[in-house]
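Single-structure report; data block below.
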Amino acid sequence: MTAKTKVVLTDYVWESLDVERKILAGVGELVPLQTRKPEDFLAQAADCDALLNTYAGPITAEVMAKMPRCRIIARYGIGVDTIDLDAATQAGIIVTNNPTYCIEEVAEHTMALLLACARKVAFYDRLVRGGAWAVPPGKPMFRMAGATLGLVGFGNIARQVAARAASFGMKVLYADPFVKDGQFGEPGRKVELNDMLKASDFVSVHPPLTPQTRKMINDDAFSRMKPTAFFINCSRGPVVDTDALVRALDARKIAGCGLDTTDPEPLPDPHPLRGRENVIINPHVAWYSETAMIGLQSGAPNEVRRALTGEWPVNVVNKAVKGKNRAGLK
């Protein structure tokens, strides 16, 4: 390895890169960019040895072919939907993610949106700011204790949500084809998705974004929910068919929703989801806390450092690349 080893950062949403520079010191040159599409970062990344990635993409087979020296693509976040994993494996490029940095934050934010929907917090705040002081406009409201929370997916974050919801006295159901009933210690009973949608007073989605989960919450899904139910999304915007969500709200098939992620992002202004009294929208902030930032910024650069110094990374997503990767790691 030489000092000419090049690490390109496609994009980032934090103020300082001191963490990255400290971790990569002596490993290679960090080239930070602020891009959104491959055509914007390829001029610099064409001769890179490693790519750090936040949101810019998609990173396809065609893009990878234009980075012949790239040994690892390290995502700062949990999801890897910006990267074609099969293409990376074929190209011998290691792909890593950061699966644990914001589990608590997203679980807490999910509960915050759930509570805000249940207790009409944002609605009443706007009411008072507008000069009114009255309870009736927010009716009806229902007790959370004894209510049913349905979770789509039962991964790390969803299980943390389940534990928090149970502490409020809520019943927890989940639908996840990859998890067996009773597999984990957190509260929750496995049911089929359609049964869960029908029984739940709150539905919160937590699957990874894959071709199978894209727009899985559609007209059919919303039609199965209770008209008094609230929908929460702190996972990925494209898991939900946005037009179907608007139709469900228009037809009063659901009571409202709390969204930290949307499709598209950012949500255009004007947009049919904006300005509704029964809709809460946040700007994809559930991942954030000062504590989470430490884990976020250190995760991907440490994986790059490992790969470029002959060590197998910790959180490899495309495990089939082992033994045939460009880095020569066994």
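If you place +1 on the Cβ of every Lys and Arg and -1 on the Cβ of every Asp and Glu, how big does the dipole about the Cα centre of segment 1-84 come out, in debye to the nearest 20?
Details: 10 positive and 12 negative charges, 50 e Å.
For segment 1-84, the charge dipole is close to 240 debye.
When the GluC sites (Glu not before Pro) in segment 285-330 are filtered for DSSP coil states and for at most 14 other beta-carbon atoms within 10 Å of their beta-carbon, the remaining sites are 311. Within a straight-line Cα-Cα reach of under 25 Å, residue 190 can be paired with the following lysines, leaving aside sequence neighbours fewer than 8 residues apart in one chain: 171, 180, 198, 215, 226, 253.
Out of all DSSP beta bridges in the chain, what portion is antiparallel? Express it as a percent rounded to 5.
On the way: 1 of 39 bridges.
Within the chain, antiparallel bridges account for around 5 percent of the total.
3J(HN,Hα) along segment 292-298, derived from phi through the Karplus expression 6.51 cos²θ - 1.76 cosθ + 1.60 where θ = phi - 60°, amounts to 5, 4, 4, x, 5, 6, 8 Hz, with x in place of Gly and Pro. For residue 9, the residues whose modelled amide H falls within less than 5 Å of its own, excluding neighbours fewer than 5 places apart on the same chain, are 31, 33, 52. The amide H of residue 258, built 1.01 Å from its N in the peptide plane, has 231, 232, 233, 280 as neighbours under 5 Å, considering only residues 5 or more places off or on other chains. Between the beta carbons of residue 141 and residue 104, assuming R0 = 41 Å, the FRET efficiency works out to 0.90 to the nearest 0.05. Ranked by the mean number of other Cβ atoms within 10 Å per residue, highest first, peptides 20-27, 259-266 order as 259-266, 20-27. Between 261, 24, 185, the Cα set farthest toward the positive side of the dipole of the chain (charges on each charged residue's Cβ, about the Cα centre) is that of 185. Each Lys and Arg Cβ is given +1 and each Asp and Glu Cβ -1; about its Cα centre, the chain then shows a dipole of about 600 debye.
Note on the chain: dipole from Cβ charges, positive end direction compared against 146, 272, 33; the farthest Cα belongs to 146. Sequentially through segment 214-223, phi angles give Karplus couplings (6.51, -1.76, 1.60; θ = phi - 60°) of 4, 6, 5, 8, 10, 4, 5, 5, 5, 5 Hz, Gly and Pro residues having no value and appearing as x.
Among 238-244, 7-13, sorting by the average number of other beta carbon atoms lying within 10 angstrom of each residue, highest first, gives 7-13, 238-244. Hey, quick one: spin label on residue 312, modelled 7 Å out along Cα-Cβ, who in segment 46-60 has an amide N within reach, i.e. under 15 Å? The answer is none, because no backbone nitrogen lies closer than 15 Å to the label point. Here the dipole of segment 113-264 is about 460 debye; that uses its Cα centre as origin and unit charges on the Cβ of Lys and Arg (positive) and Asp and Glu (negative).
In deg cm²/dmol, rounded to 500, what helix-only [θ] at 222 nm does the chain give when every DSSP H run of at least 4 residues adds -39500 (n - 2.57) and the total is split over its residues?
Details: 11 runs with 105 residues, N = 330.
Per the formula, -9000 deg cm²/dmol.
Sequence-ordered 3J(HN,Hα) estimates for segment 164-180 from the Karplus curve with 6.51, -1.76 and 1.60 and θ = phi - 60° stand at 5, 5, 4, 5, 8, x, 8, 8, 10, 10, 9, 10, 7, x, 9, 10, 8 Hz, glycine and proline given as x.
Per-residue packing, averaged as other Cβ atoms within 10 Å, sorts the ranges 169-175, 55-61 into the order 169-175, 55-61, beginning with the highest.
Beta-bridge orientation, segment 160-301: approximately 0 percent antiparallel, per DSSP, counting only bridges with both partners inside. By the rule of a C-alpha distance below 21 Å, with chain neighbours fewer than 8 residues away ignored, the lysines paired with residue 22 are 4, 6. Distant-in-sequence amide contacts of residue 317, defined by a placed amide H-H separation under 5 Å and a gap of 5 or more residues or a different chain, comprise 95, 96, 97. Separation of segment 140-157 from segment 160-233 is 8 Å, based on Cα centroids.
Since every read-out is calculated from the coordinates, none of them should be taken as a lab result. Since the model is a prediction, treat every value here as computed from it, not as a measurement. Quick reminder, even Gly has a Cβ in these numbers, built from the backbone with ideal geometry, and neighbours come from all protein chains shown.
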